[in-house]
Amino acid sequence: MKPKIIGLLNAWYSERWIAPAIEQAMQYCDEVIVAVGAHSKSLASLKDDTLKIASRYKDRVTLLDASMSNFHDKSKADTLNRMLSKSKFRQKGNWIWILDVDEFYFDCTYQDILQAISSGKYNHIRVEEKFFFINMTRYLLCSHGRLFRIVDPSSSFQPTQRWTGPMSDLYVVKRDDKEHGMFHYSLLVDIEYRRKMWSTERSYQQPHLLKWLEEIYVHYDLNDEETWIDKNKKVSGIRSPYVGPLSKPNADGKLFVYNGKHPPLIEATSLPQIEDFRKE
């Protein structure tokens, strides 16, 4: 039988993204489970219409509250496991797809994923991505593991979202400079959300992320990248616009430029026209 795909989508303070994210999940998955809620008490102070918008889909998806604790890493794992416990397709041979609210795809990538799943050769699918920065024309290179085959139905997620099932037999969905791969908009979310998220993301402190956010990202000038790359070298120790070594700039240490279309559900919004998400 054709494997089923369980789509897991977590969201909070993301009213501009939640509707297209749920629409995408319903297109790609046999079952969609959505958890809306702050994963930490700090994030709970940020409120918008995310839940109200998600509730419009409650007849077509399973809608849950997210777990909450002092730290996001534990809460998210708890939430993913609770979501999975509600699935009617948590069976050997089926797949889990984490579809975060800021991650989108073209159909060509979806078809690539379907072929990998149908082959029966893989247990884990990683997707190369464009990791957008300030707006939807500048990006870094990155990748994330997003799909997991259920080999043992008792497998679960550990903090933050490490799957305990087999991670061998990996398939990598390649990114190109056009439509293939993930379009990842994580850094385009509200800056106050990012501050609160990083301050409570893990049980150990991550001051380097907050330092980069305050000293580099909020001031970064796309017309003078050299100056800010040099400053980030002093702040973060790497020649890149970003703090993380897993996100790669171009050969000059600068951002890549993308002038193509975005996935249709994003193109249908006003988001691609925003020149600087930091001002939103």
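Suppose the filter is crowded, with 21+ Cβ neighbours inside 10 Å, out of contact with any helix residue (DSSP H, G or I) (no Cβ under 7 Å at 6 or more places or on another chain) and in contact (Cβ under 8 Å) with a residue 24 or more places away in the chain; does K178 pass it? No: the conditions fail for K178. Mind listing whichever residues of segment 20-71 are acidic (D, E) and without any contact (Cβ under 8 Å) to a residue 40 or more places away in the chain? Residues satisfying the conditions are D48, D49, D59, D65. Of all the residues that make up segment 141-181, how many are closer than 18 Å to G244 by Cβ and assigned to a strand (DSSP E or B)? So the count comes out to 7.
Quick one: is K2 surrounded by fewer than 16 Cβ atoms within 10 Å (Cβ to Cβ), over 27 Å from I150 (Cβ atoms) and not hydroxyl-bearing (S, T, Y)? The answer is no for K2.
Exactly one residue out of N81, N135, N70 is closer than 29 Å to W198 by Cα and modelled with pLDDT under 95: that is N70.
Of L209, L147, all but one fail to be without any contact (Cβ under 8 Å) to a residue 40 or more places away in the chain and either more than 21 Å from the chain's Cα centre (by Cα) or closer than 27 Å to T79 by Cβ (or both); the exception is L209.
Note on segment 68-96: among residues that are surrounded by 20 or more Cβ atoms within 10 Å (Cβ to Cβ) and in contact with a helix residue (DSSP H, G or I) (Cβ under 8 Å, 6 or more places away or on another chain), the one that is nearest to Q161 (Cα to Cα) is H72. Applying the criterion of being among the aromatic types (F, W, Y) and in a loop (DSSP other than H, G, I, E, B) to the residues of segment 82-107, the residue that is nearest to F183 (Cα to Cα) is Y105. Is it true that E215 is in contact with a helix residue (DSSP H, G or I) (Cβ under 7 Å, 6 or more places away or on another chain), closer than 23 Å to I98 by Cα and charged (D, E, K, R)? Against the criterion (in contact with a helix residue (DSSP H, G or I) (Cβ under 7 Å, 6 or more places away or on another chain), closer than 23 Å to I98 by Cα and charged (D, E, K, R)), E215 does not qualify.
How about segment 41-62: which of its residues are polar (S, T, N, Q) and assigned to a loop (DSSP other than H, G, I, E, B)? Before the answer, list the steps.
Residues of segment 41-62 polar (S, T, N, Q): 42, 45, 50, 55, 62.
Hit for segment 41-62 is S42, nothing else.
The values are calculated or read from the model by the stated rules, or taken from the named source; none is laboratory data. All of these numbers come straight from a predicted model, not from anything done at the bench. Using ideal geometry, Cβ is built from the backbone for each residue, glycine included, and neighbour counts are taken over all protein chains shown.
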